[in-house]
Structure formats: C-alpha cells, structure tokens
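One structure is given below, encoded as structure tokens.
Bear in mind that the values in this text are calculations on the coordinates, not laboratory data. Nothing here was measured: the structure is a model prediction, and the numbers come from that model. Cβ: placed from backbone, ideal geometry, glycine included. Neighbour counts: every protein chain shown.
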Amino acid sequence: MPILPLADTSFVDATWIMVVKSLVIFLVILMIVPILLVAERKLLGRFQQRYGPNRVGPYGLMQPLADVGKLLSKQGFRPQGAVPFLYEIAPALTIFSAVVTLAILPFGDVQGKVGLYGIDVPIGILYFFAFSSIAFYGLLLGGWASGSKYSFLGSMRSAAQLISYEIAMGLSLLGVVLMAGSLSLVEIVKAQGEIWFVVPQIVGFLIFMVAGFAETNRPPFDLPEADAELVAGYGTEYGGMRFGSYMFAEYIEILIVSGIASTMFLGGWMGPGPDWLDPIWMLVKMLVLTCFFIWIRATLPRFRYDQLMSFGWKILLPLATLNVLVTAVLVVVT
C-alpha cells in the first residue's frame, strides 16, 4: 500500500529549523503588537487633534507595559452563572487561531537552504480560512459561557457578521487564485513577478480589505463590541489578561489580514534591493496596511447592524461573485 505524503510541498526545512522559525515569527509579531498599540493611540491622537499617550516613559512609549501590568494585577473573576471550562478556554481559542495562521505568511523565498516562511502548503488559502474560522468559536463560546445576556447578544452578532463577510472575503481571493493557478501563498507571490495582482484585481483587493475590517471587528464594523449598546459585547464579563487575550488576538488578526493582502495583491516580499531585504519589504507593506486600519478607525462612524448586514449580503457578495466570473472568463479566453 503506497504511503501518501502529508503535504505536497516543493521545499521542506529540517525539524529544528521549523522550530526556530516558529519561535522567531511569533517573537517578531509579539514585539510588533506593543509597538502597534502605541502607534495606534498616537495616530488616533493626531487624526483627532488631541494628545496621545505622553505620560508613561519617554513620549509615552512605555504605555503598553503599563497596560499589561494593570491587566496582570487585576483580580481574576468569573460570573456565578458562567460555564467555567468554556469561559476560560474561549480566549485561548482566539489566540490559538491567530498564532497558527501566522505560519503561512511568506516573508521571503528559500534563501541559504531556509525558507523565509513558517510552512508552505499547497492549500495555503484554505489553511488561512480553516484556522481563522476557529476564532469564531472563541467569540461565540466567550459570549455564551459568560452567562450574560449582553455577552450572548454580542456573540450572536459576531457569529452573523463573521459568517456573512467571510464568504465575500473568500470570493475576493478566488480571482487571484485563478490568475496564479495555485493556492500556495509562495507560488502566488512568485506569479506576481511581472505585475502585482492589485492592478488586475483592484475590485477583489477592495472587497478583501472591507471584509477584513469586518473579520477583525474593527471600526466601522465593530458591531460585536458595540459599547454604546452592548457594553462590550462578547467580552463584557472578561477582565484582566483574559480580556487582554481577546485584544491581543485582535491585533494579531489585523497583522494577518494585512499580511494576506500584501501577499495576494501587493507582491508579498517583492521590492527593490537585494534578497535579504525581502522580509523587510513584507513587514513594511503589512505595517502600511495596518496604519490604514487605524486611519479608518479615526475617520468613519460605526454602521447600524442592519446596514452592516445589508452591505455584506446585497453589495459585497454580488460584487465579489461578479469579479470571480469576469476573472474566470478572462483567464480562459487569454
């Protein structure tokens, strides 16, 4: 009986290299998140003509450490009506979903017998959707297991929102897959040697970015955490580092969405200069898109829930479907 391979990949690193790469990728993202927190609050202050953090440390740069210290020092609390195991595992599921998805982001091609990515699987896009969907269970369990009606309403909103916009997000990437002829993120980047896919797939790029705002619960699509109506949505009953875990996962997901957009539409690691600049170009593109997330937060007001759902089903989904049909026709004809 023939032994089937676990994954059909063009290059496989040694096990110890895989372990080192996993630690490096996680530590880099772990260091970027606090920087992103300060940058967001500073930029929001400038956008809204007010001061950002400027008290803790020089220029307020130590503010993330103060926030983490505050969260760590808070007393652990669980509502009386909560389901203990599910209440505690829900934030962990969200963190797990975000961290595992980091593995497929390519920061460069194979250099010196080491691939500058976690793993290169032939179903990279499906991997992204499979593991990012686990975050859905983290939000849903967090709201339901808290034993609070406010949390439960917030989790129901998150369920409807994520399902609605995930369909449009998947269709927006299908045009790129058709043009590249592969689901591997590394192969998709290589297929952009002549022209970045953002040019022929500008509609898909815009749909993906809009759906990315909804998938990461960022304004103007932060309805699951609508503090004006639901206190804090699915996270109402969470405090301390459990609350911090949800926030940490949200910022990792922003970086992941920015990384997928950079890989699929903006040429990934491609840029002028020698090969050792590839990871830097990838990080620069991710951070530029992340700043776009912050800019939109400071600019647009929150949608109503009926507007959110109507926009997803009546505008984004038909537009994404039409984009796929046109791309398929052009790929077959040319």
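Please say if the stretch 27-73 is rounded, prolate or oblate, where rounded means a/c under 1.5 for a ≥ b ≥ c the square roots of the C-alpha gyration tensor eigenvalues, and otherwise the choice is prolate for a/b larger than b/c and oblate otherwise?
In terms of gyration-tensor shape, oblate.
Treating only the Cβ of Lys, Arg, Asp and Glu as charged (+1, +1, -1, -1), what charge dipole size does the chain show about its Cα centre? Round to the nearest 20 debye. Don't jump to the answer; show the numbers that get you there.
Numbers: 20 positive and 21 negative charges, 205 e Å.
So the dipole magnitude of the chain works out to roughly 980 debye.
Sequence neighbours fewer than 8 away in the same chain don't count; with that in mind, list the lysines whose C-alpha is under 29 Å from Lys113.
In chain and number order, the partners are Lys21, Lys190, Lys285.
Using the Karplus curve 6.51 cos²θ - 1.76 cosθ + 1.60 with θ = phi - 60°, work out ³J(HN,Hα) for each residue of the stretch 120-133 in order, rounded to whole Hz, and write x for Gly and Pro.
10, 9, x, 10, x, 5, 5, 4, 4, 6, 5, 7, 5, 6
Using r as the Cβ-Cβ distance of Ile17 and Ala130, and R0 as 25 Å, what FRET efficiency do you calculate, to the nearest 0.05?
On the way: r = 24 Å, r/R0 = 0.98.
That pair, Ile17 with Ala130, gives E of 0.55.
Loop sites only, by DSSP: take the trypsin sites (Lys or Arg not before Pro) in the chain that have at most 14 other C-beta atoms within 10 Å and name the longest stretch containing none of them.
On the way: sites that count: Arg50, Arg55, Lys74, Lys113, Arg304.
Answer from the scan: 114-303.
Which lysines does Lys149 reach when only Cα atoms under 26 Å apart count, and residues fewer than 8 places away in its own chain are ignored?
Answer for Lys149, where 26 Å is the Cα cut-off: Lys74, listed by chain and number.
Considering only Val38, Tyr51, Val28, whose Cα is most displaced toward the positive end of the charge dipole of the stretch 27-73, charges sitting on Cβ of Lys, Arg (+1) and Asp, Glu (-1)?
Tyr51
Classify the stretch 1-129: rounded, prolate or oblate, from the alpha-carbon gyration tensor (a ≥ b ≥ c, eigenvalue square roots; a/c under 1.5 rounded; otherwise prolate if a/b is larger than b/c)?
Details: a/c = 2.73, a/b = 1.54, b/c = 1.77.
Oblate is the answer for the stretch 1-129, as a/c is 1.5 or above yet b/c matches or exceeds a/b.
What are the residues whose amide H is under 5 Å from the amide H of Val121, where those residues sit 5 or more places off or on another chain and H is modelled from the backbone?
Leu185
I'm spelling it out carefully: the read-out is volume of the Cα convex hull per residue in Å³, the candidates are [x] 173; [y] 141; [z] 118, and one was derived from this structure. Which label?
Working out volume of the Cα convex hull per residue in Å³ from the coordinates points to [x].
Amide H to amide H under 5 Å from Val114: which residues, 5+ apart in sequence or cross-chain, H placed 1.01 Å off N in plane?
Under 5 Å from the amide H of Val114 lies no amide H from a residue far enough along the sequence or on another chain.
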